[in-house]
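Taking it in order: structure first as structure tokens, then the write-up.
The values are calculated or read from the model by the stated rules, or taken from the named source; none is laboratory data. The shown structure was predicted, so the numbers you read here are calculated from the model rather than taken from an experiment. Virtual Cβ from ideal backbone geometry, glycine too; neighbours counted across all protein chains shown. In case anyone asks, the SASA skips ligands and DNA or RNA and just uses the protein heavy atoms, side chains included. Shrake-Rupley method; radii C 1.70, N 1.55, O 1.52, S 1.80 Å.
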Amino acid sequence: MKWLLRTITSLSIAFVITMALVVGGFIMAMFSTMDVGVRKFGLFGAIFFEAHDQPSGATALEMGVADGTPIAIIFSIAFLFCLAVTVVLEKLKLRKRQLLQAQQR
């Protein structure tokens, strides 16, 4: 049961971290685009942003995912890191409990 809870928690945290990086990448690509009609890539080429002039004079925005591989790699790294941190914290708690029990004897 502990492993299921650790895995679900790590998945949730990794998802939030990944989406924060994707949104940050979109914002950086959006504000680094100075010319209309130029496609800008961000987050290691995973996402793109492009502005188009419409015949009516309005500006249309196009954004999306160009390649999902960097996003999947970021998610995997964040997941493994979070899982490793939870395992290390659990081992540290266990060691602390053992030291406290040894000190009380």
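A few notes on this one:
- Förster radius 22 Å - calculated FRET efficiency between TRP3 and LEU94, Cβ distance, rounded to 0.05: 0.90
- VAL87 sits with roughly 40 Å² accessible to a 1.4 Å probe, with DNA, RNA and ligands left out of the calculation.
- Applying 0.36 nm per residue to the separation of VAL87 and GLN54 and subtracting their alpha-carbon distance, the gain on full extension is 6.5 nm.
- Placing THR18, THR7 in order of accessible area, with the largest value first and a 1.4 Å probe, yields THR7, THR18.
- Once C-alpha pairs closer than 8 Å and six or more residues apart are averaged by separation and normalised to the residue number of the chain, the relative contact order reads 25 percent.
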